[in-house]
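Read the figures in this text as sums done on the coordinates, not as results from a lab. Keep in mind the model is a prediction, meaning the values are calculated, not measured.
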Amino acid sequence: MDQVTEIRWQPNERDWELRLEPPVNRVLPVARGRLAALWEAYRDPPDA
C-alpha cells in the first residue's frame, strides 16, 4: 500500500490511525490487534 502517508497517534493518545495520501485524503483508525502487523509492513516499531 503505497498510499499510506503517515501512521500516528489519534488525538486521544491511546489509539493509532493512518493517513492516506491524495486523492483519497482519509484518516483511518487502526485496530489495536493489527498495529504490530502494520508496523511490520511499513517500518520498525516506535520506542515504547
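Using the Karplus curve 6.51 cos²θ - 1.76 cosθ + 1.60 with θ = phi - 60°, what ³J(HN,Hα) values do you get for each residue of region 27-33, in whole Hz, with x for Gly and Pro?
10, 10, x, 10, 5, 4, x
Per residue of region 13-25, in order, report the coupling 6.51 cos²θ - 1.76 cosθ + 1.60 (Karplus, θ = phi - 60°) as ³J(HN,Hα) in whole Hz, putting x for Gly and Pro.
For region 13-25, the Karplus curve yields 6, 10, 10, 10, 9, 10, 10, 9, 6, x, x, 5, 6 Hz.
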